[in-house]
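The values are calculated or read from the model by the stated rules, or taken from the named source; none is laboratory data. Just so it is clear, the structure is predicted and the values come from calculations on it, not from any experiment. Neighbour counts run over all protein chains shown; Cβ positions are idealised from the backbone, glycine included. The area values use the complete protein model at the heavy-atom level, side chains included, leaving out ligands, DNA and RNA. Shrake-Rupley method; radii C 1.70, N 1.55, O 1.52, S 1.80 Å.
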Amino acid sequence: MRARGSDVTPGHVSISLSPMRYEQNVVNNVVVLMTDITDAALMQAKLAHSERMATLGRLVSGVAHEVNNPLAAILGFTDLLLENPQVPANAREDLQIILHETQRTKDLVQDLLSFARQRPVRRELVNVGAILKQTTKLRSYDLQSHGVEVIEEYDENLPTVMGDAQQLQQVFLNILNNAYDAIEESGRAGKIHLKTISTGQAIEISLADNGTGISHVERIFDPFYTTKQTGKGTGLGLSICYGIVRAHGGEIVCWNNTGEFGSTFSIRIPVAVEAANASAKQAGR
């Protein structure tokens, strides 16, 4: 059964009823055993979601590769026609539109392939805190010019992780962009809170905003699901983020802030074992 705890958070409870009988086989009491299985239910849901995302990744990969080949031919022949001096001016305008739209479709296909995790993760030691700071600087001008306050709370002694700096930057930039869009849509004074901590075996990065929140949190990582207006998003951004974090051996979750505006994204990435052992040895000297 679904139930709510004392802190009003939803959970799951398993209830077992055992009848106690008289010698005449008449029930006189019932023993009720209630077990909190919230953690097990959440784990099962995560496993089911991971399996579904993996299946979608394989499907998308095959379709994207099939679409990529004709797109390359369209782009190539369109370029050749534009270089042909015998093509009239009015036809050139149409060809430019074909070229532009085909290129846009090809970019979408590349996003699909990224979602399917066809590009292997580059295994090198990276400083996630430094990547997050650099990513924030990329958006600092837009955020400051629109009155969005950015609160940065970083652990300066974060251990390194094994991964791909560019892919991790893509994750942070996508979430920051979504936070900015949500704040802009809300119309209120914006605030984004960035925080990093180390738990020993992993590092945790949280990105919270006070925007509009998310209407269907359980679907936010599904491909092609978007809360943005038509034409402002493909619904692939967070799906790609999900794939990148999973490829790094981590997990990414999201929730709407309780009692406050906006939502929070939390990313957990395991530390590099070699780096952790080296740090421990150095600390023991």
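Listed by first and then second residue, the pairs with beta-carbon distance under 7 Å, at least 6 apart or on different chains, first residue in the range 70-92 and touching a residue at least 24 places away in the same chain (Cβ under 8 Å) and within 26 Å of VAL109 (Cβ to Cβ), second surrounded by 12 or more Cβ atoms within 10 Å (Cβ to Cβ) and among the aliphatic types (A, V, I, L, M), are LEU71/VAL109; LEU75/LEU99; THR78/LEU95; THR78/ILE98; THR78/LEU99.
For VAL148, indicate whether it is out of contact with any Lys or Arg (no Cβ under 9 Å at 6 or more places or on another chain) and buried (at least 20 other Cβ atoms within 10 Å of the Cβ). Here the answer is no, as VAL148 does not meet what is asked. Would you confirm whether any residue within the range 114-126 is open to solvent by 30 Å² or more (accessible area, probe 1.4 Å), modelled with pLDDT of 85 or more and within 24 Å of TYR242 (Cα to Cα)? The answer is yes; a qualifying residue exists. Across the range 1-36, the qualifying residues are those that are farther than 30 Å from TRP255 by Cβ and of a type in the set (Gly, Ala, Ser), and the one among them that is farthest from the chain's Cα centre (by Cα) is SER18. Does the range 135-181 hold any residues that are within 20 Å of the chain's Cα centre (by Cα), among the aliphatic types (A, V, I, L, M) and within 19 Å of ILE252 (Cα to Cα), and which are they? Within the range 135-181, VAL161, MET162, ALA165, LEU168, VAL171, LEU173, ILE175, LEU176, ALA179 qualify. Out of ALA48, ALA64, which single residue is part of a helix (DSSP H, G or I), at pLDDT below 85 and closer than 30 Å to ASN256 by Cβ? After ruling out the rest, the residue left standing is ALA48. Is one or more of the residues making up the range 184-205 surrounded by 13 or more Cβ atoms within 10 Å (Cβ to Cβ), in contact with a Gly (Cβ under 7 Å, 6 or more places away or on another chain), in contact (Cβ under 8 Å) with a residue 40 or more places away in the chain and over 19 Å from ILE252 (Cβ atoms)? Within the range 184-205, one or more residues are surrounded by 13 or more Cβ atoms within 10 Å (Cβ to Cβ), in contact with a Gly (Cβ under 7 Å, 6 or more places away or on another chain), in contact (Cβ under 8 Å) with a residue 40 or more places away in the chain and over 19 Å from ILE252 (Cβ atoms). The sole residue among LEU56, LEU33 that is modelled with pLDDT under 80, open to solvent by 40 Å² or more (accessible area, probe 1.4 Å) and of a type in the set (A, V, I, L, M) is LEU56. Checking every residue in the range 10-30 against the condition of being open to solvent by less than 60 Å² (accessible area, probe 1.4 Å), over 30 Å from GLY237 (Cβ atoms) and modelled with pLDDT under 85 gives at least one match.
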